[in-house]
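Asks: Mind looking over this structure? Questions follow.
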Amino acid sequence: MILNKLKAWVVSLAQRRTAPHWLGLIAFFESSFFPVPADALCIPMALVRPQKAYHYALIGTVCSTLGGVFGWIIGFYAYDTIAKPILEFYGKYESFQTFQNDATLKFLIILLITSGLFHFPPIKLVTLLSGLMGVSLPLFIIICLLARGTRFYFFAWFIQRFGQKTLDLLFRHFTWFVPIGLILVLLTYNLLIYKLYSAF
């Protein structure tokens with residue numbers, strides 16, 4: 001219930017003049033502890049002002065990457081004092097431990113890519129784990145810029161290209177699009193992870 005209200009509040013920010021500032025803040029903090037992805041604000045903002053879609057994508061990419069660096073620093077320098085309590089608060093500590101026990105450095109790089117592209121697994125888990133396991137910070141920044149930038153700029157391009165038509169279609173067939181989309185994303189993600197994990 002609280003999370004749903006939080007998502008509704010984030011979406012409502014799209015109509016405000018200060019929306020770009022909120023987008024930057026949310027994109028920054030979602031990488032370490034904020035539960036709602038920046039997409040929830042970036043997409044409505046781009047739909048309201050399609051001509052600024054790429055500008056919003058730039059804000060999302062840069063701020064999300066900077067937030068990732070902040071999360072990396074927490075994982076590297078302050079895991080026990082900051083990162084662990086955050087994970088326990090969201091009930092993600094056991095999932096985090098599973099990733100920590102199973103992940104090699106190469107596999108963690110794959111998770112950085114998939115979390116940046118699809119939010120699977122959650123960005124905050126992979127960001128904190130990257131710091132804890134000592135992933136090279138320059139490499140971490142490059143991967144974040146590429147993966148998260150691809151996601152934000154894809155949405156910007158898609159909205160500019162298909163915008164209102166897609167939105168109308170989505171609202172008419174919303175009950176079909178959501179479960180089908182989630183199933184396709186999960187199947188693709190699990191297949192990709194299985195193959196890559198087997199390879200390493």
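The values are calculated or read from the model by the stated rules, or taken from the named source; none is laboratory data. Here the structure is a predicted model, which means the values were calculated and not measured. Cβ: placed from backbone, ideal geometry, glycine included. Neighbour counts: every protein chain shown.
Asks: Considering segment 51-63 alone, what residues qualify as being out of contact with any Pro (no Cβ under 9 Å at 6 or more places or on another chain) and crowded, with 17+ Cβ neighbours inside 10 Å?
Replies: Matches in segment 51-63: Ala53, Ala57, Gly60, Thr61, Val62, Cys63.
Each row is one residue, and each column tells you yes or no for (1) part of a helix (DSSP H, G or I); (2) surrounded by fewer than 21 Cβ atoms within 10 Å (Cβ to Cβ); (3) touching a residue at least 60 places away in the same chain (Cβ under 8 Å).
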residue	(1), (2), (3)
Ile74	yes, no, no
Ile82	yes, yes, no
Leu117	yes, yes, no
Lys124	yes, no, yes
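Asks: Out of the residues in segment 86-95 meeting the condition of being modelled with pLDDT of 80 or more and assigned to a helix (DSSP H, G or I), tell me which one is farthest from Phe29 (Cα to Cα).
Replies: Our first condition is that a residue be modelled with pLDDT of 80 or more; within segment 86-95, this holds for 86-89, 91, 93-94.
Narrowing further to those that are assigned to a helix (DSSP H, G or I): 86-89, 93-94.
Values: Ile86: 12, Leu87: 14, Glu88: 17, Phe89: 15, Tyr93: 18, Glu94: 21 Å.
So, considering only residues that are modelled with pLDDT of 80 or more and assigned to a helix (DSSP H, G or I), the one farthest from Phe29 (Cα to Cα) is Glu94.
Asks: Still on this structure, I have one more. In segment 127-162, what residues are at pLDDT 90 or above, of a type in the set (Val, Ile, Thr) and in a helix (DSSP H, G or I)?
Replies: Once the filter is applied, which keeps residues that are at pLDDT 90 or above, of a type in the set (Val, Ile, Thr) and in a helix (DSSP H, G or I), segment 127-162 yields Thr127, Ile141, Ile142, Ile143, Thr150.
Asks: I would also like to ask the following. Only residues in segment 84-107 that are hydroxyl-bearing (Ser, Thr, Tyr) count as the first member; pair them with residues that are part of a helix (DSSP H, G or I), Cβ under 6 angstrom, at least 6 apart or cross-chain, and list the lot.
Replies: These pairs meet every condition: Tyr93/Leu87.
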